[in-house]
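Below is one structure, written out as structure tokens; the observations come after it.
The values are calculated or read from the model by the stated rules, or taken from the named source; none is laboratory data. The structure displayed is predicted, hence computed values, not measured ones. Cβ atoms come from the backbone with ideal geometry, glycine included; neighbour counts cover every protein chain shown.
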Amino acid sequence: MEKPIPKRRLGKTGLEVTILGLGGEGILRSYGQDKAAVEMISEAIDLGVNYLESARAYAGSELYYGEALKGKREKVYLASKSHARDKKGALDHLDETLRNMKTDYLDVWQIHDVRTEDDFKAIFAPGGALEAFVEAKEAGKVRFIGVTGHQDPLIIKRCLEEFDFDTVLIPVNPAEQHYKPFLEEIVPIAGAKDIGVVAMKTYLKGLWDAPKKLLFNYALTQPVATAVIGSDNLEQLKENAELASSFFSLKYKEIQRLSQIVSPFARELLYYKP
């Protein structure tokens, strides 16, 4: 890379994160790929990526991080997620996550994939998962609390209205605004409450044969701090790092044109079930 990867402030957390984060998908969402996965994480750190993400639901991903981060934990911001909807389940997940990752704290712990009204009610009810997140933060086991979702922006918006989250992880790509517009719903409230916005689904899972550079620049032209992207191999990781180091903002007309091109088949690209 000719230049280092730029950094942005992750909302009120104050963390200065690289605009490319390593996602827990790709080869990291597997079992039995220890050598390749550890090499992937180590290479990401060597390339300057400082925001690393996983989830309790991502197969052996957390275990890979635990192995790869020996002696390197303080160089990175480490994030994971729990999909539990009750307090006990979430706390059990956190204990397992910390053991797997061989650390005594997470920088960001996130409520994973909030989709429905039932999810919302369970999480925010007495004895719900949110109580675990608050307790963990007060105990110093996590520094910041986030929420994630890619199904319904109105549910995620309600989460942000109900509780003072530090971060939110949402899909950011040219298709999402034509079906369920996360940016439109989330950015205003995130901006008002200084919530750090993290992008996912940046490449539309490879379902659209558009240049990755165009899709990456589209996402990072939006008011987001970083985009978490998983990689299947080192070549993909290095390509992503190069795109991040050479990032430039798209002009408004370019964003509009890209949006127009994708609009006829946006729903198919977003792979949502009706």
Output yes when any residue across region 69-77 is touching a helix residue (DSSP H, G or I) at 6+ places or on another chain (Cβ under 8 Å) and more than 19 Å from Gly23 (Cα to Cα), and no when none is. no
Single residue of region 219-274 satisfying the filter (of a type in the set (A, V, I, L, M), modelled with pLDDT under 95 and farther than 22 Å from Lys81 by Cβ) that is farthest from the chain's Cα centre (by Cα): Ile261
Members of region 156-167 that are in a helix (DSSP H, G or I) and under 17 Å from the mean Cα position of the chain (by Cα): Ile156, Lys157, Cys159, Leu160
Hey, can you tell me all the residues within region 173-192 that are in a helix (DSSP H, G or I) and either of a type in the set (Val, Ile, Thr) or closer than 20 Å to Leu237 by Cβ (or both)? Ile186, Val187, Ile189
If you go through region 97-111 one residue at a time, do you hit one that is more than 11 Å from Arg56 (Cβ to Cβ), without any contact (Cβ under 8 Å) to a residue 40 or more places away in the chain, more than 19 Å from the chain's Cα centre (by Cα) and buried (at least 16 other Cβ atoms within 10 Å of the Cβ)? yes
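Each row is one residue, and each column tells you yes or no for (1) assigned to a strand (DSSP E or B); (2) over 18 Å from Ala129 (Cβ atoms); (3) charged (D, E, K, R).
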{"residue": "Glu39", "(1), (2), (3)": "no, yes, yes"}
{"residue": "Ser42", "(1), (2), (3)": "no, yes, no"}
{"residue": "Arg56", "(1), (2), (3)": "no, no, yes"}
{"residue": "Ala59", "(1), (2), (3)": "no, yes, no"}
{"residue": "Tyr64", "(1), (2), (3)": "no, yes, no"}
{"residue": "Glu67", "(1), (2), (3)": "no, yes, yes"}
{"residue": "Ala84", "(1), (2), (3)": "no, no, no"}
Answer yes or no as to whether Lys121 is in contact with a helix residue (DSSP H, G or I) (Cβ under 6 Å, 6 or more places away or on another chain), assigned to a helix (DSSP H, G or I) and at pLDDT 95 or above. no
Identify, from the list Gly146, Gly140, the residue that is part of a loop (DSSP other than H, G, I, E, B), small (Gly, Ala, Ser) and at pLDDT 95 or above. Gly140
Glu74 vs (1) under 24 Å from Gln222 (Cβ atoms); (2) at pLDDT 95 or above: all pass except (1)
Would you check if Ser30 is in a loop (DSSP other than H, G, I, E, B), over 20 Å from Lys213 (Cα atoms) and out of contact with any Leu (no Cβ under 6 Å at 6 or more places or on another chain)? yes
Looking for whichever is surrounded by 17 or more Cβ atoms within 10 Å (Cβ to Cβ) and in contact with a Cys (Cβ under 8 Å, 6 or more places away or on another chain) here; the options are Val114, Val172. Which one fits? Val114
If you take the residues in region 128-165 that are crowded, with 20+ Cβ neighbours inside 10 Å and touching a residue at least 60 places away in the same chain (Cβ under 8 Å), which one is farthest from Leu94 (Cα to Cα)? Thr148
I'd like the full set of residues that are part of a loop (DSSP other than H, G, I, E, B) and touching a Lys or Arg at 6+ places or on another chain (Cβ under 8 Å), limited to region 193-212. Asp194, Ile195, Tyr203
Residue check, Ile170 in contact (Cβ under 8 Å) with a residue 12 or more places away in the chain, among the β-branched types (Val, Ile, Thr) and either part of a helix (DSSP H, G or I) or closer than 21 Å to Gly89 by Cβ (or both): no
Within region 16-46, restricting attention to residues that are surrounded by fewer than 22 Cβ atoms within 10 Å (Cβ to Cβ) and hydrophobic (A, V, I, L, M, F, W, C), which residue is nearest to Ser246 (Cα to Cα)? Ile45
Please list, ordered by first then second residue, the pairs with beta carbon atoms under 6 Å, 6 or more apart or interchain, first in region 175-203 and on the phi > 0 side of the Ramachandran plot, second part of a helix (DSSP H, G or I). Asp194/Gly11; Asp194/Lys12
